[in-house]
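Novice: Following this message is one structure expressed as C-alpha cells.
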Amino acid sequence: MPKRAAIVLAGGSARRFQTPNQPWQDKALAEIDGTPLLVHVIKNLRDIVDEVAVCTNTKDRQTTYAKTLETYCVGDVEFVLDPQNSPVKGPLLAIKSGLDAVSADYCLTVSVDMPCLKPTVADFMFNIATGFDVAVPMWPDGKLETLLAVLKRETCLEITKTLLTLNESRADTIFRGASSLLLVSPLEEIIKLDSDLKSFININTKDDLNNLPKRSTQGAIKEHQQLELEFSLSSLQVLREGLDAVNKGSYSQAVQAFSRCTTELKKTSFWAGVSNQQLGETKLAEAGLNSSAKDLVLAKIHAKECFILAGKNFDAEAKLYEEKKCKTLADRALSDKKTCETKAEKVDR
C-alpha cells in the first residue's frame, strides 16, 4: 500500500477572521467545542496517514502550535517552516515545503481551517487518487477545493519546484502543471460518506465557529472528470535551467533551453505556454544588450511571435478545462492568455 502523508497548511494570514482594530488572532488556535481547529484537523487524519506535517511561516507559530498539540496529547507531528529567504510566499511555497519534508507516496494537503474533514472522506480521496498526479474536489459550479487535494509526491515536487522558480504562488497552478488530473465530484461517492458534506466546511470568520456554513451544491457537474496529458518531468528540469540562466544573464543559454521546452512540452498547453512566454521575454532581454537597431527589430518580431504562441497555448488550455466544466482553471488559463496578448501588443510600442 502506498505511504500516505497529511500536509496541514497553517501559515495563512486569516484576514477575514480578524476583528477591525483588534490584535491579530491565529485562526488555527480558534476553538470549536473547546478544541482548537489545528487539533481537530490532525486528529481527523491521524489514523489514516503515516506522516503528519504542519507547515507554518514563522518560528513563533511553530512553537505555539507545538505547545498546543502537547496540551491536547497530539504527538508524532513534524513542523515545517517555509524558507525565509524565498521571494515567493503563499500556499504553493508551503505545499512545496511539506512535500520536501515527508517521504510518503501520496500527500493530502488540507487547510487548518477545515476541522470537519471526515477520515472516511480523506481515505476515499487517497484511494481514488491512485494513478493520478493530482486529485482535487470540484463542485457542481466548476470551482475547485484548491487547498484540499491529494498529490503524488514525486511528480508534484518537480512541478512545485518549477512553479516557484517561475515566481508562482497560487496552489491551483499545480493542477495546471499535472500530466494526469482527477476532478472529484463530491456528489458522486463522497456524499454517501458525508451526507451534509461537512468535510468541506471552511472556517473563514469568527461567526463560522458557531454557525458552520453550508456548501452550495448548485451546478451541472455531478460526476468525476479526468484529464490525461503527456510530457516528461525531465523537461521541467530543462525549463528550470533556462530560468537559472536568465538570472545569471546567460540569455543565449536560456533561449536554447526555452526553445527546447517549446518542442518537448508542446502537447501540454500550460507548459508550452509558459515556455513560449519565457522565450519571448528572454529574446527581448537578450536584444537589449548592445544590439544593433536591426537586431533589436528582429528580436521584437521573434518575441511577439512567442507571446502570440503562448496566448494560443493558454487559450487551448482554457478550452480543455471548459470541456470538463472546470471554471477555476479555465479562468486562470484565460487570464494568462490575456497577459500574453498584452505583452505582444506592447512589443511594438
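Bear in mind that the values in this text are calculations on the coordinates, not laboratory data. This structure is a prediction, so every number in the text was calculated from the model and none was measured. Every residue, glycine among them, receives a Cβ derived from its backbone with ideal geometry; neighbour counts consider all protein chains shown.
Novice: How large is the dipole of segment 233-347 about the Cα centre if only Lys and Arg carry +1 and Asp and Glu carry -1, each at its Cβ, rounded to the nearest 20 debye?
Specialist: So the magnitude is around 180 debye.
Novice: May I ask you to sort V110, V255 by Cβ crowding, counting other Cβ atoms within 10 Å and putting the fewest first?
Specialist: Numbers: V110 25, V255 20.
Sorted ascending by nearby Cβ count, the order is V255, V110.
Novice: Considering the options L144, S335, A129, tell which one lies farthest towards the positive end of the dipole of the chain, charges being +1 on Lys and Arg and -1 on Asp and Glu at the Cβ, about the Cα centre.
Specialist: S335
Novice: Along the principal axes of its C-alpha atoms, what lengths does the chain span, in descending order and rounded to whole Å?
Specialist: Principal extents (Cα only, largest first): 72, 45, 44 Å.
Novice: Sticking with this one: For the chain, set up a Gaussian network in which alpha carbons nearer than 10 Å are linked by springs, and say which option among A220, A129, A30 fluctuates the most.
Specialist: Checking each option, the largest mean-square fluctuation is seen for A220.
Novice: Provide Rg over Rh for segment 192-349; use the alpha carbon set for both Rg and the Kirkwood Rh (inverse mean inverse pair distance).
Specialist: On the Cα set of segment 192-349, Rg over Rh gives 1.15.
Novice: So, counting K/R as plus one and D/E as minus one, what does the shell of residues with Cβ under 10 Å around G142 add up to?
Specialist: +1
Novice: What order do you get for R332, R170 when you list them from fewest to most C-beta neighbours inside 10 Å?
Specialist: The order, fewest Cβ neighbours first, is R170, R332.
Novice: Using a cut-off of 24 Å between alpha-carbon atoms, which lysines can reach K3, once sequence neighbours fewer than 8 places away in the same chain are excluded?
Specialist: Partners found: K43, K96, K118, K152, K161.
Novice: For a footprinting-style exposure proxy, rank E323, E305 by other Cβ within 10 Å, fewest first. Numbers along the way, then the final one.
Specialist: On the way: E323 11, E305 16.
Starting with the residue having the fewest Cβ neighbours, the order is E323, E305.
Novice: Something else about it: Going through the DSSP H helices of the chain, which span 24 Å or more along their own axis at the Cα atoms while scoring at least -0.5 as a mean Kyte-Doolittle hydropathy?
Specialist: 269-287, 293-323
Novice: Which percent of Cα-Cα pairs in segment 222-290 sits in each 5 Å bin, short to long?
Specialist: 3, 18, 27, 19, 12, 7, 5, 4, 2, 1, 0, 0
Novice: Can you compute the helix-only [θ] at 222 nm over the chain? Use -39500 (n - 2.57) per DSSP H run of at least 4 residues, normalise by all residues, nearest 500 deg cm²/dmol. Walk me through the intermediate numbers first.
Specialist: Details: 12 runs with 167 residues, N = 349.
After summing the helix terms and dividing by the residues of the chain, the value is -15500 deg cm²/dmol.
Novice: Also, I was wondering about something else. Whole angstrom only: what separates the Cα centroid of segment 214-262 from the Cα centroid of segment 97-138?
Specialist: Here the two parts' Cα centres lie 22 Å apart.
Novice: Treat every Asp and Glu Cβ in segment 4-227 as -1 and every Lys and Arg Cβ as +1, leave all other atoms uncharged, and give the resulting dipole magnitude about the Cα centre to the nearest 20 debye.
Specialist: Dipole size: approximately 520 debye.
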